[in-house]
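Please read the structure below before turning to the comments.
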Amino acid sequence: DFSLLARLLPNISALSSDPRVSARVDGMVGGGNEMNFHNVCFLLQRFMRVVSSKFHPVMLFLDDLQWCGLTLLELIQAILTDKKESTCFFFVGCYRNNEVDQDHPIFTMMSKLDSSGVPMTKLNLEGLTPEDLNTLVSDATGMFPRLCKPLSNVVFQKTKGNPFFVVEFLRSLVDSRLLKYSLRQKIWIWDICKITSENITDNVLYLLSKKMTSFSHYSQLALKVLSCFGIKVDGTIVEFLSLTEEYSDFREWLDQIVSEGCIVKVGASDFKFVHDKVQEAAYGLIPDDEKNQFHYNLGIILYSISRERDRGGAIFQIVDQINHGTKSMIDPEIKEALIELNFDAGSRALNLSDNATALVYLDKSFSLLPQNHWDSNYEFSLNLLLLIGKAAFSCGNLDRAYDALKDIIKEGRCLEDKFEAYHVYVTILTSEGKNEAWTTCCDVLSKMGQPIPDKVDNKTSKTMVEETGELLKSISFDDLLGMRDMDSVFSTKLRFYTLLLFIAFWKKPQLTTLISCRMIQISLQHGMCKDSVFGFIQYAGMTCNLSKIEEVKYIQEACRIGKAGMSLLKKYGSPVDIMPKAYLFYYGFVAVYLEPLQVCADNMRKSFEVGMSTGDSMLAVNNTILSIKIALFGGENLQACLAEVDYHLEVMHSFQHKLLLPCLLEYRETIVFLIGKSASNLKGNCANNLELTSDAKQTKRDQVQSMNRMLRSFWGGHSSRCHYYAKKTIETSTGGLFNKQYITWLAGLNSFRGIKNKNGTGSQFLKVKETFKHAISTVRASAEISRWNFQNKVHLLEAEMFSFERKDVEAQSSYTSAITSSASSGFIHEQGLSCELAGLHYRKIG
């Protein structure tokens with residue numbers, strides 16, 4: 001989503017012709033979609049894949065990496081080591097090796113890039129050699145090199161050839177008249193003895209400070225002020241200062257120090273120091289014991305003049321200045337304003353996904369609150385602690401997040417005031433896979449008059465589905481889209497039902513029927529909201545799974561409801577917090593009967609990307625499992641599937657998602673088996689993931705394992721083993737009706753293989769006929785709904801039966817139809833299978 005990228009790169013909004021992008025960005029503040037570091041990396045990786053190519057490569061140059069923190073360096077590493085696609089991204093970074101030690105994160109990044117196979121070139125830029133320095137001095141003075149040698153030797157001794165230091169040193173010699181131009185001789189002259197005897201340090205900061213102390217009082221004051229903001233100062237700050245009585249001539253002071261060569265003007269109104277050492281020297285003009293007071297006074301001046309004006313991005317610089325102040329400096333009368341200023345800065349930083357910075361501002365705001373803040377600042381405390389919880393969660397500081405949210409849950413005066421805190425709290429618990437997520441969500445719903453039973457029997461579930469189905473039969477697309485909007489009370493209930501439904505999908509699947517039916521009933525009675533979408537689509541998916549294979553009309557009705565849910569999704573603008581969940585259930589369980597499998601797999605991948613971009617990594621990983629399965633069933637390129645699986649294994653390793661890791665490893669083993677590679681050939685961190693499998697849910701793993709072993713047995717030609725795992729998969733799988741349909745089809749084909757291998761008659765003949773009858777009825781019913789996905793399977797089963805019954809003409813026609821329909825649907829693996837079986841048939845009949 002473009003609006004998500006605009007949160008990280010605000011200026012990119014200018015590239016969009018849609019005026020709603022900025023509105024969507026603003027609407028995300030505190031909206032529950034705070035991205036953590038991994039999601040920021042993922043989103044920027046996607047951006048780089050789009051904007052870079054071999055025809056239009058992207059280059060990024062960053063200077064002074066010695067000041068970079070671990071986060072930025074890890075972000076650069078993530079972009080350079082993107083496993084998904086190769087990008088034409090050229091990164092150049094510079095750092096001063098005399099300002100870093102061996103523990104600096106830059107060396108960790110370089111080591112990881114090297115181990116990841118990223119090509120690197122390391123260049124060590126030394127200072128100018130004596131010969132090069134002499135050439136520079138010769139060019140500067142317009143004199144022959146041999147005449148400049150004595151001067152350049154002294155300069156080299158003092159500067160060690162550092163170019164910036166050389167220039168400043170020569171300027172200091174000119175300023176002190178130790179190096180001057182003789183009008184009479186028309187050459188530069190100097191006195192080596194005096195230069196050598198002068199007490200000139202080899203520290204460039206001394207030279208710069210000495211130069212600055214010769215400036216006027218106001219020029220020095222301007223330098224002090226600018227240095228407090230770092231290397232660059234925003235034009236808004238300059239404008240605010242110019243409006244004050246104390247700094248009314250600030251622009252004139254700036255012009256003076258521009259002429260002195262200390263700063264340069266950038267763009268229309270910004271100013272920048274020519275070098276970080278100049279900024280450091282300017283900052284050194286402020287005595288150390290006065291620095292905090294100077295920052296604080298400067299911040300208060302800026303705050304006072306900007307109160308009735310739009311601060312924009314300058315708010316961060318203003319708040320940073322004020323936050324230098326100690327408790328003894330802060331005027332009690334302005335304390336309340338500082339609390340709100342830090343809150344505002346934290347909210348803005350959170351909106352820009354700068355979660356670590358946001359947490360600093362928000363914690364500062366909290367530290368300034370009085371001890372009785374729950375009595376004196378109740379509403380503000382609710383909002384502040386909620387943002388602290390979100391920012392801390394996004395930073396990975398779960399302890400701080402839990403503390404803030406539990407504080408709200410404990411001190412909130414009513415349930416309505418705790419809803420947002422509960423929602424974030426359950427979301428965090430869910431991301432950690434804790435059982436408390438289920439109990440907490442049930443507790444909140446119970447307090448809202450929606451008690452959740454511990455279990456529901458099959459009879460009750462069936463009754464609920466039938467009752468809900470009767471309500472939906474008479475409702476058309478237009479009826480749903482035209483329903484009124486739901487009020488806040490019931491929409492809040494649906495928000496928690498959405499959370500609970502996702503938890504139940506893995507923890508308590510027997511309760512998904514109850515939850516989705518309740519969501520639909522509430523929506524039909526009280527209006528629609530964006531969470532209604534999830535209820536309709538989950539109900540459709542659940543109905544498909546609960547229906548018997550031959551119950552075509554129920555599956556068709558479920559598909560209708562699923563499509564209605566997708567129409568609702570579009571009506572609400574496909575919100576990024578709902579869209580991945582909706583895609584998961586629609587394209588994973590419903591659309592497989594309506595859309596080509598390839599389309600379903602592509603949309604599941606889109607859902608993965610949106611989930612990762614918005615911070616819902618657990619949901620994204622769930623989409624991964626289904627997209628890989630559908631891609632396999634859809635006959636996608638196996639090498640591409642293997643690369644995709646390995647990429648997702650890296651993602652799981654990064655996020656420490658253990659629950660579904662064994663399932664993905666099972667699919668990987670199937671893919672490498674089909675390719676003919678070794679399943680143990682895992683790269684990088686994937687090899688370490690194998691030790692995590694023991695912590696996963698064994699039941700889910702067994703189901704996926706049985707299905708994958710059945711697939712490997714079938715394609716490997718192991719008839720008895722295939723029959724065993726097919727039966728086990730069909731009897732125990734909760735993975736959905738589509739799985740059973742596909743496995744039933746393969747089992748039907750396998751039954752012919754078994755009888756051919758054994759040359760059996762009698763009871764075995766009857767067994768084949770029975771298996772075939774079940775398989776053909778299954779796929780024929782499925783083909784009534786989706787000819788694209790199932791018609792070729794009908795033809796191939798019929799061809800095998802005709803061949804078995806020695807009806808050669810009919811077999812020939814059916815094999816031809818199977819090959820043709822497989823090719824038209826893009827199922828190249830099934831086309832190959834049809835050709836192979838047809839070849840065996842023709843060989844049999846001669």
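The values are calculated or read from the model by the stated rules, or taken from the named source; none is laboratory data. All figures in this text were calculated on a predicted structure; none of them were measured in a lab. Every residue, glycine as well, gets a Cβ built from its backbone with ideal geometry; the counts of neighbours run over all protein chains shown. Note: accessible area is taken over every heavy atom of the protein model, side chains too, but ligands, DNA and RNA are not part of it. Shrake-Rupley method; radii C 1.70, N 1.55, O 1.52, S 1.80 Å.
Some values worked out for this structure:
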item	result
Under 30 Å, Cα to Cα: Lys pairs in the range 405-470, sequence gap 8 or more or different chains	18
Full-extension gain in nm, residue 337 to residue 58, via 0.36 nm per residue minus C-alpha separation	96.1 nm
Tilt relative to the chain, helix 250-259 - C-alpha long axis, 0 to 90 degrees, to 10	80
Label-zone membership for the range 499-537, site residue 485, 7 angstrom Cα→C-beta point, backbone N under 12 Å	528-530
Computed lengthening from residue 330 to residue 462, 0.36 nm per intervening residue step minus Cα-Cα distance	40.9 nm
Partner aspartates and glutamates for residue 530 [C-alpha distance under 18 Å; skip if fewer than 8 residues away on the same chain]	1, 420, 478, 479, 485, 487, 577, 616
Euclidean distance of C-alpha centroids, the range 431-508 and the range 611-632, integer Å	23
Computed FRET value (nearest 0.05) for residue 417 with residue 724, which takes r as the C-beta separation and R₀ as 51 Å	0.35
Quotient of C-alpha Rg and 2.2 N^0.38 Å, computed over the range 558-631	1.01
Over the chain, relative contact order from alpha-carbon pairs under 8 Å, at least 6 apart, %	8
Charge dipole magnitude, Cβ of K and R +1, D and E -1 - the range 314-411, Cα centre, debye nearest 20	260
Ratio of the Cα radius of gyration of the range 483-586 to 2.2 N^0.38 Å, where N counts its residues	1.01
Extension reserve of the residue 98-residue 177 stretch, reckoned as 0.36 nm per residue once the Cα distance is removed	25.2 nm
Computed [θ] at 222 nm, deg cm²/dmol, the chain (DSSP H ≥ 4; -39,500 (n - 2.57); rounded to nearest 500)	-21500 deg cm²/dmol
Coil-residue chymotrypsin sites (Phe, Trp or Tyr not before Pro) of the range 53-84, DSSP, other Cβ within 10 Å capped at 10	55
Burial ranking of peptide ranges 623-632, 380-389, 107-116 (average Cβ count within 10 Å, highest at the top)	623-632, 380-389, 107-116
Accessible carbon and sulfur surface of the range 104-168 relative to its total accessible area, %, 1.4 Å	58
Cross-link reach list, lysines versus residue 211, counting only Cα pairs under 25 Å and skipping chain neighbours closer than eight places	158, 160, 180, 194, 224, 232, 265, 272, 277, 291
Inter-site label distance for residue 249 and residue 375 at 7 Å from Cα along Cβ, in nm	5.3
Mean Cβ neighbour count within 10 Å, used as a protection proxy, ranking 786-794, 274-282 highest first	786-794, 274-282
Low-density loop cleavage sites - GluC sites (Glu not before Pro) in the range 291-349, where at most 12 other Cβ are within 10 Å (DSSP)	308
Share, in percent, of DSSP beta bridges within the chain that are antiparallel, nearest 5	60
Only Lys, Arg (+1) and Asp, Glu (-1) charged, at Cβ; the chain dipole about Cα centre in debye	3540
Placed amide H near residue 179: partners under 5 Å, 5+ positions off or other chain	174
Summed residue charge, Cβ within 10 Å of residue 728's Cβ, Lys/Arg positive, Asp/Glu negative	0
Per residue accessible area of the range 228-312, 1.4 Å probe, in Å²	50
Theoretical FRET efficiency, 1/(1+(r/R0)^6), r = Cβ-Cβ of residue 108 and residue 88, R0 30 Å, to 0.05	0.75
Solvent-accessible area, 1.4 Å probe, carbon plus sulfur percent, for the range 473-584	52
Sparse-neighbourhood loop sites, GluC sites (Glu not before Pro) in the range 109-202 - DSSP loop, at most 14 other Cβ within 10 angstrom	126, 198
Value of Rg/Rh across the range 102-149 [Cα atoms, Kirkwood radius]	1.39
Accessible surface, 1.4 Å probe, highest first, among residues 95, 181, 742	181, 95, 742
Distance in nm between pseudo-label sites at residue 637 and residue 770 (7 Å out along the Cβ direction from Cα)	4.5
Residue 50-residue 835 FRET efficiency (beta carbon distance; Förster radius 45 Å; 0.05 resolution)	0.70
Separation of the residue 121 and residue 232 label points, Cα + 7 Å toward Cβ, nm	2.7
